[in-house]
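A short write-up of the structure that comes next.
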Amino acid sequence: MGRLEEYYGLLDVKRQGWDKSEPKARLTRGVSDITEFELHHTGGAGPRSLSFEDKQKWLLGIERYHEKTKRWSDIFYQTFVFADGEIWEGRDLRRASTSKASKALTVHIPGNSPAITPAQHESLMRVARWATGGDPSKVRGHSDRSATACPGDSGRVELEAIKLELSAPAPAPAPAPAPAAATRGPRGPKGDKGDKGDPGQVTPQQVRDAVRRELPNIVEQVLQELRERLKT
């Protein structure tokens, strides 16, 4: 499976599924050129609900604003991740959103600094891993390259959570099963408490739990940085 097919496999809805009039334009890069993840938020209201119709209506409004008001050639963002975890395709990822993000996949969370749901975080992690190959140094927000509040306070907290999870060691491979003759059930001889697994193995759930434990500290660090910036 090629990298483009892997990306399409992440999507719940492709562009043609919500926009039959996608503009045709020249491609500006190859899929292999994408090595960065850049997060944005709307700065305004998200869709009224998480129904397909309301998501589609909201996206068409964003598209009209970008094409008619901003006079851009297409909707700016390449990937939209909704609160229910659904991933929708925007601009063709082979067309850079801007020359300032020539290597980035531009990812959008609907709303004005929206609270990130667990389902949304899981989908953002999948997209970030695809875009960066798991490199946390390649994860950034819009404000990291431009003077803007985007992606909002909650978006910056989410960026730190993504970086933290990408930095966590990969789970150890599961140990090979023991031969059938050497296997004991949970009621083995007296004193035998059965197989408890490899105590050194890190599971995905343990990684997620560690991220959630660290989030309050991350939030405080981000807010402290914002306070310092406001003082200067």
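The values are calculated or read from the model by the stated rules, or taken from the named source; none is laboratory data. If you're wondering where the values come from, they're calculated on a predicted model, not measured in any experiment. Heads up, the Cβs are rebuilt from the backbone with ideal geometry, glycines too, and the neighbour counts pull from every protein chain shown.
Data overview
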item: Residue, farthest from LYS20 (Cα to Cα), within region 74-86, restricted to residues that are aromatic (Phe, Trp, Tyr) and in a loop (DSSP other than H, G, I, E, B); result: PHE82
item: Among (1) closer than 19 Å to GLU22 by Cβ; (2) of a type outside the set (Val, Ile, Thr); (3) touching a strand residue (DSSP E or B) at 6+ places or on another chain (Cβ under 9 Å), the one test that HIS66 misses; result: (3)
item: Residue in region 111-118 that is surrounded by 14 or more Cβ atoms within 10 Å (Cβ to Cβ), in contact with a helix residue (DSSP H, G or I) (Cβ under 8 Å, 6 or more places away or on another chain), closer than 24 Å to GLY30 by Cα and small (Gly, Ala, Ser) present; result: no
item: Single match in PRO189, PRO175 (criterion: part of a loop (DSSP other than H, G, I, E, B), modelled with pLDDT under 50 and more than 19 Å from ARG129 (Cα to Cα)); result: PRO189
item: Tabulated pairs, region 120-132, first closer than 14 Å to ASP12 by Cβ, second among the hydrophobic types (A, V, I, L, M, F, W, C) and part of a helix (DSSP H, G or I), C-beta under 7 angstrom, 6+ apart or interchain; result: LEU124/ILE162; ARG126/LEU10; VAL127/LEU10
item: Selection within region 101-142 - assigned to a helix (DSSP H, G or I) and either of a type in the set (S, T, N, Q) or touching a strand residue (DSSP E or B) at 6+ places or on another chain (Cβ under 7 Å) (or both); result: ALA101, GLN120, SER123, LEU124, VAL127, ALA128, ALA131, THR132, SER137, LYS138, HIS142
item: Within region 150-172, considering residues that are assigned to a loop (DSSP other than H, G, I, E, B) and either within 12 Å of the chain's Cα centre (by Cα) or modelled with pLDDT under 95 (or both), the one nearest to ALA104 (Cα to Cα); result: ALA168
item: Boolean, LEU59 is of a type in the set (A, V, I, L, M, F, W, C), in a helix (DSSP H, G or I), within 21 Å of the chain's Cα centre (by Cα) and crowded, with 22+ Cβ neighbours inside 10 Å; result: yes
item: Looking only at region 20-36, and only at residues there that are outside any loop (DSSP other than H, G, I, E, B) and touching a Leu at 6+ places or on another chain (Cβ under 9 Å), the one that is farthest from GLU89 (Cα to Cα); result: GLU36
item: Single condition ARG71 does not satisfy, out of (1) assigned to a helix (DSSP H, G or I); (2) at positive phi; result: (1)
item: Single match in ARG15, ARG95, ARG29 (criterion: under 20 Å from THR132 (Cβ atoms), surrounded by 14 or more Cβ atoms within 10 Å (Cβ to Cβ), touching a residue at least 40 places away in the same chain (Cβ under 8 Å) and not aliphatic (A, V, I, L, M)); result: ARG95
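The rows are residues; the columns are (1) touching a helix residue (DSSP H, G or I) at 6+ places or on another chain (Cβ under 9 Å); (2) small (Gly, Ala, Ser).
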| position | (1), (2) |
| --- | --- |
| HIS121 | yes, no |
| LEU124 | yes, no |
| ALA128 | yes, yes |
| ASP135 | yes, no |
| ALA147 | no, yes |
| PRO151 | yes, no |
| GLY155 | yes, yes |
| GLU160 | yes, no |
